[in-house]
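The values are calculated or read from the model by the stated rules, or taken from the named source; none is laboratory data. Everything numeric in this text was worked out from a predicted model, so none of it was measured. Here the Cβ positions follow ideal geometry from the backbone for every residue, glycine too, while neighbour counts run over all protein chains shown.
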Number of protein chains: 2
Amino acid sequence: MSRVIANQTITADGYAAGINQSEERPFGEDGGDGWGDRLHAWMFDHAEENRDEVEQLGAARVHIMGRNMFGPVRGEWDREWNGWWGDDPPFHGPVFVLTHHPRDPQPMAGGTTYHFVTDGIEAALVRAREAAGDGDISIQGGADTINQYLAAGLVDELRLHIVPFTLGGGARLFDGVQPLKLEQVYARTASSVIHVTYRVLR
Amino acid sequence: MSRVIANQTITADGYAAGINQSEERPFGEDGGDGWGDRLHAWMFDHAEENRDEVEQLGAARVHIMGRNMFGPVRGEWDREWNGWWGDDPPFHGPVFVLTHHPRDPQPMAGGTTYHFVTDGIEAALVRAREAAGDGDISIQGGADTINQYLAAGLVDELRLHIVPFTLGGGARLFDGVQPLKLEQVYARTASSVIHVTYRVLR
(Lines give C-alpha, C1' and ligand atoms only; values in the text may rest on other atoms or scores of the structure.)
Protein backbone atom coordinates (compact mmCIF):
# COMPACT_ATOMS: atom_id res chain seq x y z
CA MET A 1 0.00 0.00 0.00
CA SER A 2 1.22 3.48 -0.73
CA ARG A 3 2.64 5.59 2.07
CA VAL A 4 1.73 9.19 2.75
CA ILE A 5 5.01 11.06 3.21
CA ALA A 6 5.25 14.68 4.25
CA ASN A 7 8.44 16.45 3.18
CA GLN A 8 9.52 19.72 4.69
CA THR A 9 12.64 21.81 5.07
CA ILE A 10 12.52 23.68 8.37
CA THR A 11 14.71 26.05 10.32
CA ALA A 12 16.17 25.14 13.71
CA ASP A 13 13.10 26.81 15.24
CA GLY A 14 10.68 24.82 13.12
CA TYR A 15 9.58 27.33 10.50
CA ALA A 16 9.01 26.37 6.87
CA ALA A 17 8.63 30.00 5.76
CA GLY A 18 8.92 33.45 7.30
CA ILE A 19 6.14 35.97 7.71
CA ASN A 20 4.57 37.88 4.81
CA GLN A 21 5.13 35.47 1.93
CA SER A 22 4.89 37.17 -1.47
CA GLU A 23 5.66 36.53 -5.11
CA GLU A 24 8.98 38.28 -4.69
CA ARG A 25 9.77 36.37 -1.49
CA PRO A 26 7.94 33.04 -1.58
CA PHE A 27 9.54 32.01 1.70
CA GLY A 28 8.63 35.26 3.42
CA GLU A 29 10.61 37.82 5.32
CA ASP A 30 13.63 36.89 7.33
CA GLY A 31 14.93 40.09 8.83
CA GLY A 32 15.81 41.44 5.40
CA ASP A 33 19.12 39.77 4.67
CA GLY A 34 18.05 36.85 2.55
CA TRP A 35 18.59 34.00 4.98
CA GLY A 36 15.05 32.80 4.28
CA ASP A 37 16.23 32.06 0.75
CA ARG A 38 18.76 29.67 2.25
CA LEU A 39 16.07 27.26 3.39
CA HIS A 40 16.63 25.13 0.30
CA ALA A 41 20.35 25.74 -0.25
CA TRP A 42 20.94 22.12 0.84
CA MET A 43 19.19 20.81 -2.28
CA PHE A 44 20.52 23.37 -4.76
CA ASP A 45 23.97 24.53 -3.63
CA HIS A 46 24.88 21.23 -1.98
CA ALA A 47 23.00 18.78 -4.22
CA GLU A 48 25.86 16.29 -4.51
CA GLU A 49 26.34 15.93 -0.77
CA ASN A 50 22.60 15.49 -0.32
CA ARG A 51 21.91 13.40 -3.41
CA ASP A 52 20.01 10.63 -1.61
CA GLU A 53 17.56 13.04 -0.02
CA VAL A 54 17.10 15.06 -3.21
CA GLU A 55 16.27 11.84 -5.07
CA GLN A 56 13.81 10.84 -2.35
CA LEU A 57 12.00 14.13 -2.85
CA GLY A 58 11.18 13.14 -6.41
CA ALA A 59 10.47 9.47 -5.73
CA ALA A 60 6.78 9.77 -4.89
CA ARG A 61 4.34 8.95 -7.65
CA VAL A 62 1.76 11.56 -6.69
CA HIS A 63 2.01 14.90 -4.90
CA ILE A 64 -0.27 17.09 -2.82
CA MET A 65 0.41 20.73 -2.02
CA GLY A 66 -1.33 23.73 -0.55
CA ARG A 67 -2.28 26.66 -2.71
CA ASN A 68 0.23 28.94 -1.01
CA MET A 69 3.01 26.58 -1.98
CA PHE A 70 1.69 26.42 -5.56
CA GLY A 71 1.84 30.17 -5.95
CA PRO A 72 1.07 33.67 -4.78
CA VAL A 73 -2.38 34.00 -6.44
CA ARG A 74 -5.12 34.37 -3.81
CA GLY A 75 -8.89 34.21 -4.33
CA GLU A 76 -10.11 33.49 -7.87
CA TRP A 77 -7.67 32.26 -10.55
CA ASP A 78 -7.74 35.66 -12.24
CA ARG A 79 -4.25 35.51 -13.69
CA GLU A 80 -2.19 32.80 -15.31
CA TRP A 81 -0.11 30.91 -12.80
CA ASN A 82 1.30 27.41 -13.31
CA GLY A 83 3.49 27.00 -10.25
CA TRP A 84 6.98 28.12 -9.31
CA TRP A 85 8.67 25.31 -11.21
CA GLY A 86 8.51 26.36 -14.89
CA ASP A 87 7.16 24.42 -17.87
CA ASP A 88 8.73 21.09 -16.91
CA PRO A 89 8.17 20.75 -13.17
CA PRO A 90 10.08 18.16 -11.13
CA PHE A 91 6.98 16.21 -10.11
CA HIS A 92 6.49 14.02 -13.23
CA GLY A 93 3.03 12.93 -12.15
CA PRO A 94 -0.25 14.22 -10.79
CA VAL A 95 -0.06 17.11 -8.34
CA PHE A 96 -3.22 17.81 -6.35
CA VAL A 97 -3.39 21.48 -5.35
CA LEU A 98 -5.71 22.36 -2.44
CA THR A 99 -7.80 25.45 -3.18
CA HIS A 100 -11.23 26.92 -2.56
CA HIS A 101 -11.50 28.06 -6.18
CA PRO A 102 -12.25 25.59 -9.01
CA ARG A 103 -9.97 25.43 -12.03
CA ASP A 104 -9.49 22.97 -14.88
CA PRO A 105 -6.57 20.55 -14.73
CA GLN A 106 -3.35 22.04 -16.08
CA PRO A 107 -1.07 19.60 -17.93
CA MET A 108 2.62 20.49 -18.06
CA ALA A 109 5.67 18.93 -19.69
CA GLY A 110 7.32 15.82 -18.29
CA GLY A 111 4.18 14.12 -17.01
CA THR A 112 3.19 16.68 -14.41
CA THR A 113 -0.49 17.65 -14.31
CA TYR A 114 -1.83 20.08 -11.75
CA HIS A 115 -5.30 19.12 -10.50
CA PHE A 116 -7.20 21.61 -8.37
CA VAL A 117 -9.16 20.11 -5.48
CA THR A 118 -11.86 22.21 -3.81
CA ASP A 119 -13.42 19.71 -1.41
CA GLY A 120 -10.75 19.42 1.23
CA ILE A 121 -7.69 17.48 2.32
CA GLU A 122 -9.41 14.11 2.67
CA ALA A 123 -10.94 14.29 -0.81
CA ALA A 124 -7.53 15.23 -2.20
CA LEU A 125 -5.98 12.21 -0.51
CA VAL A 126 -8.67 9.89 -1.93
CA ARG A 127 -7.87 11.13 -5.42
CA ALA A 128 -4.14 10.89 -4.75
CA ARG A 129 -4.50 7.27 -3.59
CA GLU A 130 -6.44 6.39 -6.74
CA ALA A 131 -3.69 7.90 -8.86
CA ALA A 132 -0.79 6.47 -6.86
CA GLY A 133 -1.67 2.77 -6.94
CA ASP A 134 1.05 1.24 -4.75
CA GLY A 135 3.35 4.26 -5.22
CA ASP A 136 4.01 6.80 -2.51
CA ILE A 137 2.16 10.06 -2.03
CA SER A 138 4.21 13.11 -1.08
CA ILE A 139 2.66 15.99 0.80
CA GLN A 140 5.00 18.71 -0.38
CA GLY A 141 3.84 21.49 1.92
CA GLY A 142 3.57 24.16 2.99
CA ALA A 143 3.57 23.76 6.72
CA ASP A 144 -0.12 24.62 7.04
CA THR A 145 -1.06 21.82 4.66
CA ILE A 146 1.19 19.29 6.39
CA ASN A 147 -0.20 20.39 9.75
CA GLN A 148 -3.75 19.73 8.53
CA TYR A 149 -2.82 16.23 7.40
CA LEU A 150 -0.93 15.56 10.66
CA ALA A 151 -3.88 16.77 12.74
CA ALA A 152 -6.17 14.44 10.77
CA GLY A 153 -3.87 11.48 11.44
CA LEU A 154 -3.24 10.91 7.73
CA VAL A 155 0.58 11.07 7.58
CA ASP A 156 2.68 7.90 7.70
CA GLU A 157 6.14 9.45 7.50
CA LEU A 158 7.60 12.87 8.06
CA ARG A 159 10.86 13.70 6.28
CA LEU A 160 12.45 16.80 7.74
CA HIS A 161 15.50 18.71 6.63
CA ILE A 162 16.67 21.00 9.43
CA VAL A 163 18.79 23.97 8.40
CA PRO A 164 21.07 26.12 10.59
CA PHE A 165 19.27 29.39 11.20
CA THR A 166 16.07 30.56 12.84
CA LEU A 167 13.28 32.76 11.47
CA GLY A 168 11.46 33.67 14.70
CA GLY A 169 8.04 33.75 13.02
CA GLY A 170 6.05 32.56 10.03
CA ALA A 171 4.57 29.20 9.10
CA ARG A 172 5.60 26.68 11.72
CA LEU A 173 5.50 22.95 11.29
CA PHE A 174 3.45 21.14 13.99
CA ASP A 175 1.59 24.35 14.89
CA GLY A 176 -1.82 23.36 16.27
CA VAL A 177 -1.12 19.64 15.94
CA GLN A 178 -1.83 17.40 18.93
CA PRO A 179 1.17 15.60 20.54
CA LEU A 180 2.61 12.92 18.24
CA LYS A 181 4.64 9.84 19.03
CA LEU A 182 7.34 9.38 16.43
CA GLU A 183 9.89 6.74 15.56
CA GLN A 184 13.19 7.99 14.20
CA VAL A 185 13.67 5.61 11.25
CA TYR A 186 16.40 7.47 9.34
CA ALA A 187 18.77 10.26 10.21
CA ARG A 188 21.83 11.60 8.47
CA THR A 189 23.83 14.73 9.04
CA ALA A 190 25.47 16.67 6.23
CA SER A 191 27.65 19.76 6.48
CA SER A 192 24.83 22.26 6.87
CA VAL A 193 21.62 20.26 7.17
CA ILE A 194 20.24 17.42 9.25
CA HIS A 195 17.99 14.92 7.51
CA VAL A 196 15.60 12.96 9.67
CA THR A 197 12.68 10.70 8.84
CA TYR A 198 10.08 10.06 11.51
CA ARG A 199 7.41 7.39 11.27
CA VAL A 200 4.20 8.63 12.89
CA LEU A 201 3.08 6.06 15.50
CA ARG A 202 -0.63 5.41 16.02
CA MET B 1 38.31 32.72 26.93
CA SER B 2 35.43 30.70 28.24
CA ARG B 3 32.50 29.91 25.98
CA VAL B 4 28.85 30.28 26.93
CA ILE B 5 27.14 27.06 25.92
CA ALA B 6 23.41 26.49 26.14
CA ASN B 7 22.35 22.86 26.45
CA GLN B 8 18.82 21.73 25.81
CA THR B 9 16.93 18.57 25.00
CA ILE B 10 13.94 19.40 22.81
CA THR B 11 11.14 17.57 21.09
CA ALA B 12 10.79 17.51 17.30
CA ASP B 13 8.49 20.53 17.68
CA GLY B 14 10.99 22.45 19.77
CA TYR B 15 9.62 22.13 23.29
CA ALA B 16 11.83 21.63 26.33
CA ALA B 17 8.88 20.92 28.62
CA GLY B 18 5.12 20.52 28.32
CA ILE B 19 2.48 22.75 29.86
CA ASN B 20 1.72 22.87 33.61
CA GLN B 21 5.07 21.89 35.07
CA SER B 22 4.78 20.66 38.68
CA GLU B 23 6.79 18.86 41.35
CA GLU B 24 5.21 15.58 40.29
CA ARG B 25 5.79 16.29 36.59
CA PRO B 26 8.80 18.57 36.27
CA PHE B 27 8.58 18.37 32.46
CA GLY B 28 4.89 19.15 32.42
CA GLU B 29 1.90 17.45 30.88
CA ASP B 30 2.16 15.51 27.69
CA GLY B 31 -1.31 14.19 27.01
CA GLY B 32 -1.17 11.98 30.08
CA ASP B 33 0.84 9.01 28.88
CA GLY B 34 4.28 9.83 30.16
CA TRP B 35 6.02 10.73 26.89
CA GLY B 36 7.21 13.97 28.46
CA ASP B 37 9.30 11.84 30.78
CA ARG B 38 11.06 10.45 27.73
CA LEU B 39 12.71 13.78 26.96
CA HIS B 40 15.87 12.64 28.71
CA ALA B 41 15.73 8.91 27.98
CA TRP B 42 18.69 9.41 25.65
CA MET B 43 20.99 10.25 28.57
CA PHE B 44 19.64 7.72 31.05
CA ASP B 45 18.31 4.69 29.15
CA HIS B 46 20.81 5.01 26.30
CA ALA B 47 23.80 6.48 28.14
CA GLU B 48 26.37 4.21 26.49
CA GLU B 49 25.31 5.07 22.94
CA ASN B 50 25.35 8.77 23.82
CA ARG B 51 28.41 8.78 26.06
CA ASP B 52 30.18 11.66 24.32
CA GLU B 53 27.22 13.98 24.64
CA VAL B 54 26.53 12.97 28.26
CA GLU B 55 30.15 13.75 29.11
CA GLN B 56 29.91 17.11 27.35
CA LEU B 57 26.96 18.00 29.56
CA GLY B 58 29.17 17.79 32.63
CA ALA B 59 32.28 19.35 31.09
CA ALA B 60 31.47 22.98 31.84
CA ARG B 61 33.14 24.50 34.88
CA VAL B 62 30.23 26.71 35.87
CA HIS B 63 26.49 26.44 35.34
CA ILE B 64 23.55 28.81 35.13
CA MET B 65 19.91 27.77 35.38
CA GLY B 66 16.49 29.27 35.77
CA ARG B 67 14.54 28.89 38.95
CA ASN B 68 11.93 26.69 37.29
CA MET B 69 14.66 24.25 36.32
CA PHE B 70 16.06 24.34 39.85
CA GLY B 71 12.76 23.34 41.38
CA PRO B 72 9.02 23.78 41.81
CA VAL B 73 9.16 26.34 44.66
CA ARG B 74 7.65 29.67 43.55
CA GLY B 75 7.80 33.02 45.34
CA GLU B 76 9.74 33.13 48.64
CA TRP B 77 12.02 30.24 49.64
CA ASP B 78 9.52 29.09 52.28
CA ARG B 79 10.41 25.42 52.14
CA GLU B 80 13.65 23.50 51.88
CA TRP B 81 14.57 22.75 48.29
CA ASN B 82 18.05 21.96 47.05
CA GLY B 83 17.39 21.01 43.45
CA TRP B 84 16.20 17.88 41.68
CA TRP B 85 19.61 16.21 41.76
CA GLY B 86 20.01 14.97 45.38
CA ASP B 87 22.86 15.61 47.82
CA ASP B 88 25.66 15.09 45.28
CA PRO B 89 24.52 16.92 42.13
CA PRO B 90 26.26 16.29 38.80
CA PHE B 91 27.52 19.88 38.43
CA HIS B 92 30.70 19.71 40.59
CA GLY B 93 31.10 23.48 40.58
CA PRO B 94 29.21 26.72 41.06
CA VAL B 95 25.62 26.81 39.84
CA PHE B 96 24.05 30.25 39.52
CA VAL B 97 20.27 30.04 39.94
CA LEU B 98 18.24 32.97 38.59
CA THR B 99 15.53 34.07 41.03
CA HIS B 100 13.74 37.17 42.28
CA HIS B 101 14.05 36.03 45.90
CA PRO B 102 17.36 36.25 47.80
CA ARG B 103 18.77 33.17 49.49
CA ASP B 104 22.16 32.28 50.98
CA PRO B 105 24.51 30.08 48.95
CA GLN B 106 23.82 26.37 49.40
CA PRO B 107 26.89 24.11 49.35
CA MET B 108 26.32 20.49 48.36
CA ALA B 109 28.54 17.41 48.12
CA GLY B 110 30.96 16.93 45.25
CA GLY B 111 31.89 20.56 44.78
CA THR B 112 28.49 21.87 43.72
CA THR B 113 27.36 25.13 45.33
CA TYR B 114 24.06 26.75 44.45
CA HIS B 115 24.29 30.55 44.32
CA PHE B 116 21.08 32.55 44.02
CA VAL B 117 21.27 35.61 41.77
CA THR B 118 18.55 38.23 42.03
CA ASP B 119 19.87 40.94 39.72
CA GLY B 120 19.28 39.39 36.34
CA ILE B 121 20.84 37.30 33.60
CA GLU B 122 23.73 39.66 32.82
CA ALA B 123 24.78 39.88 36.47
CA ALA B 124 24.64 36.09 36.71
CA LEU B 125 26.87 35.81 33.65
CA VAL B 126 29.40 38.25 35.12
CA ARG B 127 29.61 36.12 38.26
CA ALA B 128 29.79 32.93 36.18
CA ARG B 129 32.68 34.34 34.12
CA GLU B 130 34.59 35.26 37.27
CA ALA B 131 34.14 31.73 38.59
CA ALA B 132 34.87 29.98 35.30
CA GLY B 133 38.26 31.46 34.47
CA ASP B 134 38.99 29.94 31.05
CA GLY B 135 36.50 27.09 31.60
CA ASP B 136 33.17 26.89 29.84
CA ILE B 137 29.88 28.15 31.20
CA SER B 138 26.82 26.00 30.62
CA ILE B 139 23.35 27.50 30.53
CA GLN B 140 21.43 24.44 31.58
CA GLY B 141 17.92 25.72 30.95
CA GLY B 142 15.03 25.79 30.99
CA ALA B 143 14.00 27.11 27.65
CA ASP B 144 12.86 30.47 29.04
CA THR B 145 16.30 31.10 30.52
CA ILE B 146 18.11 30.06 27.34
CA ASN B 147 15.74 32.26 25.31
CA GLN B 148 16.61 35.26 27.48
CA TYR B 149 20.33 34.69 26.94
CA LEU B 150 19.82 34.13 23.21
CA ALA B 151 17.77 37.32 22.93
CA ALA B 152 20.53 39.23 24.71
CA GLY B 153 23.14 37.90 22.29
CA LEU B 154 25.11 36.20 25.06
CA VAL B 155 25.23 32.60 23.81
CA ASP B 156 28.23 31.29 21.86
CA GLU B 157 27.08 27.73 21.26
CA LEU B 158 23.77 25.91 21.36
CA ARG B 159 23.87 22.15 21.93
CA LEU B 160 20.53 20.58 21.11
CA HIS B 161 19.36 17.02 21.55
CA ILE B 162 16.24 16.44 19.45
CA VAL B 163 14.02 13.55 20.51
CA PRO B 164 11.33 11.78 18.47
CA PHE B 165 7.98 13.02 19.69
CA THR B 166 6.09 16.28 19.88
CA LEU B 167 4.43 18.00 22.83
CA GLY B 168 2.26 20.55 21.03
CA GLY B 169 2.63 23.16 23.80
CA GLY B 170 4.74 24.23 26.77
CA ALA B 171 8.12 25.94 27.02
CA ARG B 172 9.53 26.33 23.51
CA LEU B 173 13.13 27.02 22.69
CA PHE B 174 13.65 30.13 20.51
CA ASP B 175 10.24 31.54 21.52
CA GLY B 176 10.45 35.33 21.30
CA VAL B 177 14.06 35.29 20.08
CA GLN B 178 14.95 37.37 17.01
CA PRO B 179 16.19 35.47 13.90
CA LEU B 180 19.59 33.88 14.44
CA LYS B 181 22.27 32.85 11.99
CA LEU B 182 23.83 29.59 13.07
CA GLU B 183 26.75 27.44 11.98
CA GLN B 184 26.27 23.70 12.33
CA VAL B 185 29.61 22.74 13.91
CA TYR B 186 28.78 19.24 15.15
CA ALA B 187 26.01 16.80 14.42
CA ARG B 188 25.59 13.12 15.22
CA THR B 189 22.59 10.87 15.00
CA ALA B 190 21.95 8.06 17.45
CA SER B 191 19.12 5.54 17.43
CA SER B 192 16.51 7.79 18.98
CA VAL B 193 18.06 11.24 19.28
CA ILE B 194 19.83 13.76 17.06
CA HIS B 195 22.67 15.74 18.60
CA VAL B 196 23.52 19.03 16.98
CA THR B 197 25.77 21.88 18.05
CA TYR B 198 25.20 25.30 16.52
CA ARG B 199 27.60 28.20 16.83
CA VAL B 200 25.68 31.47 17.05
CA LEU B 201 27.01 33.85 14.38
CA ARG B 202 27.19 37.56 15.09
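See the values below:
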item: Among (1) over 13 Å from the mean Cα position of the chain (by Cα); (2) at pLDDT below 85, the one test that B:Pro72 misses; result: (2)
item: Entirely in the range A:6-109, the helices (runs of 4 or more DSSP H) that have 1 or more residues that are touching a His at 6+ places or on another chain (Cβ under 7 Å), within 14 Å of chain B (Cβ to nearest Cβ) and not charged (D, E, K, R); result: A:41-44
item: Criterion violated by B:Leu154 - all others in (1) away from every other protein chain (no Cβ under 12 Å); (2) under 14 Å from the mean Cα position of the chain (by Cα); (3) within 30 Å of A:Ile194 (Cβ to Cβ) satisfied; result: (2)
item: Residues that are surrounded by fewer than 17 Cβ atoms within 10 Å (Cβ to Cβ) and among the charged types (D, E, K, R), drawn from the range B:35-68; result: B:Asp37, B:Asp45, B:Glu48, B:Glu49, B:Arg51, B:Asp52, B:Glu55
item: A:Thr166 being facing another protein chain (nearest Cβ under 7 Å), in contact (Cβ under 8 Å) with a residue 60 or more places away in the chain and farther than 22 Å from B:Arg38 by Cα; result: yes
item: Residue within the range A:20-30 that is within 14 Å of the chain's Cα centre (by Cα) and within 23 Å of A:Ala128 (Cβ to Cβ) present; result: no
item: Any chance A:Gly71 is loosely packed, with under 15 Cβ neighbours inside 10 Å and closer than 27 Å to A:Phe174 by Cβ; result: no
item: Answer from B:Tyr198, B:Tyr149 - the residue that is more than 7 Å from every other protein chain (Cβ to nearest Cβ) and modelled with pLDDT of 95 or more; result: B:Tyr149
item: Count of the range A:69-96 residues which are of a type in the set (D, E, K, R) and closer than 13 Å to A:His115 by Cβ; result: 0
item: Filter pass, A:Arg103 being more than 19 Å from the chain's Cα centre (by Cα), over 30 Å from A:Thr166 (Cα atoms) and surrounded by fewer than 19 Cβ atoms within 10 Å (Cβ to Cβ); result: yes
item: Of residues in the range A:169-189 being outside any strand (DSSP E or B) and facing chain B (nearest Cβ under 7 Å), the one nearest to B:Val185 (Cα to Cα); result: A:Phe174
item: Filter result for A:Arg159 (closer than 21 Å to A:Glu53 by Cβ, within 14 Å of chain B (Cβ to nearest Cβ), surrounded by fewer than 17 Cβ atoms within 10 Å (Cβ to Cβ) and modelled with pLDDT of 95 or more); result: no
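Yes/no matrix, rows are residues, columns are (1) in contact (Cβ under 8 Å) with a residue 40 or more places away in the chain; (2) within 23 Å of A:Ala131 (Cα to Cα):
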position: A:Met69; (1), (2): yes, yes
position: A:Gly75; (1), (2): no, no
position: A:Asp78; (1), (2): no, no
position: A:Trp85; (1), (2): no, yes
position: A:Pro89; (1), (2): no, yes
position: A:Phe96; (1), (2): no, yes
position: A:His100; (1), (2): no, yes
position: A:Arg103; (1), (2): no, yes
position: A:Pro107; (1), (2): no, yes
